[in-house]
1. Beyond a 23 Å Cα-Cα separation, which of these cross-linked pairs lie in this structure: Lys96/Lys119; Lys119/Lys145; Lys180/Lys223?
2. Rounded to the nearest 500, what is the chain's calculated 222 nm mean residue ellipticity when only DSSP H runs of at least 4 contribute -39500 (n - 2.57) each, over all residues?
3. Quick one: grab Rg to one decimal and Dmax as a whole number for the range 158-237, Cα atoms only, in Å.
4. Binning every alpha carbon pair distance of the range 125-188 at 5 Å from zero, what are the percents per bin?
5. Provide, for q = 0.11, 0.12, 0.17 Å⁻¹, the log10 of I(q)/I(0) from a solvent-free Debye sum over equal Cα point scatterers in the range 1-154.
6. Between the range 104-129 and the range 8-50, what's the alpha-carbon centroid distance in Å?
7. Would you mind telling me the antiparallel percentage of the DSSP bridges in the chain, rounded to 5?
8. For the range 177-218, give the percent of accessible area contributed by carbon and sulfur heavy atoms, probe 1.4 Å, rounded to a whole number.
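The values are calculated or read from the model by the stated rules, or taken from the named source; none is laboratory data. The shown structure was predicted, so the numbers you read here are calculated from the model rather than taken from an experiment. Note that each Cβ is placed from the backbone with ideal geometry, even for glycine, and that neighbours are counted across all protein chains shown. When the accessible area is computed, the model is the full protein with side chains, heavy atoms only, and any ligands, DNA or RNA have been set aside. Shrake-Rupley method; radii C 1.70, N 1.55, O 1.52, S 1.80 Å.
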Amino acid sequence: MVPNLKPSLCESAKLEDMQARSVQGRVLWGRDVQAEDAQLRVLVIGGIHGDEMSSSALVFHWIALAQTPPADMPKPIHWRFIPSLNPDGLFSRPPKRVNARGVDLNRNFPTPNWSRDAKVYWESRTRKDPRRWPGVKPLSEPESKFLHEQMDSFKPNLIVSVHAPYGVLDFDGPMVPPSKLGRLFLDQVGIFPGSLGNYGGVHKGVPVVTIELPSAAKAATDKETNQMWLDLMRWITERLGTNAKVATQ
């Protein structure tokens, strides 16, 4: 189901139960890769939309890459990876963007004026597209609530959210964004009520890099996966490596 994901890569990821469950009771899995004396915290999320399978594949590959960090990183990083925030959508037949209650998790975060704006946007801009229903209230879903709790407890200096299939790089936050990751170039698509980028980058001031892979069903090549990783490392070095607060253990 998840493209370019061999059993050996799944096993080597050594995912752990994050002590959270989806609507249908599936485990939300994650993996911490923490360098000694880590001074930056980076949260990487895949599969917020269950039908964007390539996003989960990328996160698995990045877990492997994180275990051999570049020697020139100015500050060690504590990575937290969540390969699939929406396992119910992923394991649906066919896979679905929304979770088991039909909620678009990326419209369910508590942005300011959510109660006013989310419904209006859904009705007027999406014409009540069921694939983009924001839910009855912010954080109504266990999956979005889990990620919100991760933001509060892990306190990331950076969030990387992996999506598909628009083939661009988006960014929300109070700093200069990366101009490109691999062959994905910056094209900021706007602010959506209830989105993670809006909530994290605009409201909370935590930079959110949103990767939109070119295909939801076809994984990025190993070469492209590695290049995006290297470009991300360079940007972190330039923009976060010298001014982020030291992580609290």
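1. From the list (Lys96/Lys119; Lys119/Lys145; Lys180/Lys223), the Cα-Cα distance tops 23 Å for no pair.
2. One gets -8000 deg cm²/dmol as the mean residue ellipticity at 222 nm.
3. Gyration radius and largest Cα-Cα distance of the range 158-237: 12.2, 35 Å.
4. That works out to 3, 12, 16, 17, 20, 20, 10, 1, in percent per bin.
5. Log10 of I(q)/I(0), two decimals: -0.47, -0.55, -0.99.
6. Between the Cα centre of the range 104-129 and that of the range 8-50, the gap is 27 Å.
7. If we restrict to bridges inside the chain, about 45 percent are antiparallel.
8. In the range 177-218, the share of accessible area belonging to carbon and sulfur is 55 percent.
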